[in-house]
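Enquirer: Take a look at the following structure, please.
The values are calculated or read from the model by the stated rules, or taken from the named source; none is laboratory data. Treat the numbers as computed from the prediction; the structure is a model and nothing was measured. Note that we place each Cβ from the backbone using ideal geometry, even for glycine, and neighbour counts take in every protein chain shown. Heads up: the accessible areas ignore ligands, DNA and RNA and are worked out on the full protein's heavy atoms, side chains in. Shrake-Rupley method; radii C 1.70, N 1.55, O 1.52, S 1.80 Å.
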Amino acid sequence: MRLITVAGPPSCGKTSLIAKTCGHMKESGTDCAVIKFDCLQSRDGEAYAAAGVPVSVALSGGLCPDHFFATNLEEAFAWAQGTGANCCIIETAGLCNRCSPHIRGLLALCVIDNLMGINAPEKIGPMLRLADLVVVTKGDLVSQAEREVYRHRIRQVNAKAVIRHVNGLTGQGCRDLARILEQAPEAEDLAERKLRFSMPAAVCSYCLSEMRLGSRYQKGNVKKAEFRSFHG
């Protein structure tokens, strides 16, 4: 089974473009199953179901969604195998930009949009920097010059990735994206595989539901900042 990780900031169009891309892949004989990792709630399962794509939604609740993703990855892959599909697509919330849910040796896709700001690519971090394929959405809402500048900014962060512009609403560009995903490497299982980047350090008192503020209540992995005046 092929395994593809899809990450990107919230509301950049991940679900819409994946659902449409799965439709094109099905036409050419590749059946997809999708697992969506999210935080508190998600309606994305309805979008995939409406597109005829088998989907399972997993909510992290009070846990870091990327740690939740990593600790449930094997079970998610096993579920996808049980559907009879030959391509598993894992869409993750991708909230803090510090994590990277991408797996070594398997196709990694990052979705961003043209409305995020010109400096967004350098802020997104390993989720974009370590991706094999970068899909840019909402390009119809900006000028050609802005699209070219944004593409250049992506290249400054990730010089090797394939970059594609896709319209998640109309599906324009999804057929080309489907052809790329159909060439993704296969995996029998995920045992002994590694993430492309480490997760952020955690396990402090606030991780364990502490709500009181103040140094006396802070224990575990705590990092204190040094605040200085900034003179531009």
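Enquirer: Just to confirm my numbers, what's the Cα centroid distance between the range 160-201 and the range 19-34 in Å?
Expert: With the range 160-201 and the range 19-34 each reduced to a Cα centre, they are spaced 14 Å.
Enquirer: Counting DSSP beta bridges in the chain, what percent are antiparallel, to the nearest 5?
Expert: Just about 10 percent of them are antiparallel.
Enquirer: A further question follows. Take each of the peptides 160-172, 142-154, 7-19, 190-202, average the number of other beta-carbon atoms within 10 Å over its residues, and list them starting from the highest.
Expert: 7-19, 160-172, 142-154, 190-202
Enquirer: Using just the helices of the chain, give the 222 nm mean residue ellipticity in deg cm²/dmol: DSSP H runs with n ≥ 4 each add -39,500 (n - 2.57), and the total is spread over all residues, rounded to 500.
Expert: After summing the helix terms and dividing by residue count, I get -8000 deg cm²/dmol.
Enquirer: Packing-wise, with mean Cβ within 10 Å as the measure, how do 83-90, 173-180 rank, highest first?
Expert: Numbers: 83-90: 20.6, 173-180: 18.0.
The most tightly packed comes first, giving 83-90, 173-180.
Enquirer: Could you work out how far apart the two model spin labels at Asn221 and Phe197 are, taking each label as a point 7 Å from the Cα in the direction of the beta carbon, and quote it in nm?
Expert: 1.6 nm
Enquirer: Any chance you could count the Lys pairs in the chain whose alpha carbons are under 17 Å apart, treating pairs 8 or more apart or on different chains as valid?
Expert: Numbers: Lys14/Lys36; Lys14/Lys138; Lys20/Lys36; Lys20/Lys138.
So the count works out to 4.
Enquirer: Explain nothing, just the number: dipole magnitude of the chain about its Cα centre with +1 on each Lys and Arg Cβ and -1 on each Asp and Glu Cβ, in debye rounded to the nearest 20.
Expert: For the chain, the charge dipole is close to 980 debye.
Enquirer: On a full-extension model of 0.36 nm per residue, what is the gain between Thr170 and Ala49, subtracting their alpha-carbon distance, rounded to one decimal in nm?
Expert: My answer for the length gained is 41.7 nm.
Enquirer: In debye, nearest 20, what is the charge dipole magnitude of the range 121-168 about its Cα centre with +1 on Lys and Arg Cβ and -1 on Asp and Glu Cβ, if you could check?
Expert: Details: 9 positive and 5 negative charges, 25 e Å.
Here the range 121-168 has a charge dipole of around 120 debye.
Enquirer: At 1.4 Å probe size, with the rest of the protein present, what percent of the exposed accessible area of the range 25-107 is carbon and sulfur atoms?
Expert: 51 percent
Enquirer: Right, something else. Please report the relative contact order for the range 51-202, taking Cα pairs under 8 Å with a sequence separation of at least 6, and give it as a percent rounded to a whole number.
Expert: Normalised by residue count, the contact order of the range 51-202 is 27 percent.
Enquirer: Apply the Debye scattering formula to the chain, with a single equal point scatterer on each alpha-carbon and no solvent, then give log10 I(q)/I(0) at q = 0.07 Å⁻¹.
Expert: -0.25
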